[in-house]
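> Could you have a look at this structure, given as structure tokens, before my questions?
Throughout, read-outs are computed from the coordinates displayed, never taken from laboratory work. None of the values given here were measured: they were computed from a predicted structure. Glycine also receives a Cβ, built like all others from the backbone with ideal geometry; neighbour counts cover every protein chain displayed.
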Amino acid sequence: MTLRDQLFALADPTYRDFTRPLIPGVEHLIGVRVPQLRRLAREIARSATWRTWLDGAQSLYLEERIVQGLVIGYARCAPDEKLHLLKRFLPLIDNWAVCDICCWHLHNDERQPMWEFLQPRFASQQEYEFRFAVVMSLGNFVDEEHLDTLLMHLDSARLEGYYARMGVAWALSVCYVKFPERTEAYLHGSALDDWTYNKALQKIIESNRVDAATKQHIRTLKRRR
């Protein structure tokens, strides 16, 4: 049974109809829940033929692309090989769901190679290549070592795409939760456009890890037009 056959066997029309409006522009959607996609991807990644499977993988449906990205994250191989596979996969990302679901928590030996891999992607004019760099970073590189460089990259972004700008706002909220003083100092002098800046404040306020008094303070930082 092919992956596509397995996906259609797992299809939930109600879930598909619920999901479709949340992922604008996606035409080919089967309706399979993410935990089931992760299970299928783990099975493929554990097999001896996962490389061959990736070479022939189909990409028409959203779920097929998600499984490909997950297999790359789960695969046991050297970081250089994984990054080669990721570079081949990135052009298939055409929406936030594929981007975000396919980001993974890095193993120690993957961290430095991935950080180097992401550097030119922060300057990409492709919305989802850029968002991938941002989302992978907010899950792995909001730390003492990388914070200043990450803030610099976020501040330099000039993409107009909604999901690129939302990625920046999300990342800044994570930076604030972990490094509030340094992130607020950055915000005071940032070159962000007003929409992205205010959206970052909104994401901070929405965070469950920020107390009520701090949220009230953040509201005072809003830019007024």
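> Using only C-alpha atoms and all pairs of different ones, pull out the Kirkwood radius for the chain in Å with one decimal. Before the final figure, lay out the partial values.
On the way: mean 1/r = 0.0533 Å⁻¹.
Its Kirkwood hydrodynamic radius stands at 18.8 Å.
> Cα centroids of segment 150-167 and segment 25-44: how far apart, whole angstrom?
Centre-to-centre (Cα) distance: 28 Å.
> Sort E81, E110 so that the residue with the fewest other Cβ atoms within 10 Å of its own Cβ comes first and the one with the most comes last.
Details: E81 12, E110 18.
The order, fewest Cβ neighbours first, is E81, E110.
> Quick check of the Kirkwood formula: for segment 120-225, what is the inverse mean of 1/r over all pairs of different Cα atoms, in Å? Let's see the in-between values first.
Values: mean 1/r = 0.0732 Å⁻¹.
Its Kirkwood hydrodynamic radius stands at 13.7 Å.
> Kindly provide the trypsin sites (Lys or Arg not before Pro) of segment 114-161 that DSSP labels as loop, not H, G, I, E or B, and whose Cβ sees at most 16 other Cβ atoms within 10 Å.
Numbers: sites: R121, R131, R158; in loops: R158.
Answer by residue number: R158.
> For segment 178-225 and segment 115-141, what is the separation of their Cα centres, given in Å?
Taking the Cα centre of each part, segment 178-225 and segment 115-141 sit 22 Å apart.
> Follow-up. Hull surface divided by four, with the convex hull built on the Cα atoms of segment 1-94: how many nm²? Could you put the intermediate results ahead of the total?
Numbers: hull surface 23.9 nm².
Mean orientational projected area (segment 1-94, Cα hull): 6.0 nm².
> Here's something else I'd like to know. So, counting K/R as plus one and D/E as minus one, what does the shell of residues with Cβ under 14 Å around G69 add up to?
Numbers: positive: R38, R42, R65, K82, K87, R88, R131; negative: E63, E64, D94, D100, E129.
My count for the surroundings of G69 gives +2.
> Give the angle, between 0 and 90 degrees and rounded to the nearest 10, that separates the Cα long axis of helix 194-206 from the longest principal axis of the Cα atoms of the chain.
80 degrees
> Also, I was wondering about something else. Any idea what angle helix 127-140 forms with the longest principal axis of the chain, computed on alpha-carbon atoms, 0 to 90 degrees, nearest 10?
80 degrees
> Determine the calculated [θ] at 222 nm for the chain from helices alone, applying -39500 (n - 2.57) to every DSSP H run no shorter than 4 residues and normalising by the residue count; nearest 500 deg cm²/dmol.
Working: 14 runs with 145 residues, N = 225.
Value at 222 nm, helices only, nearest 500: -19000 deg cm²/dmol.
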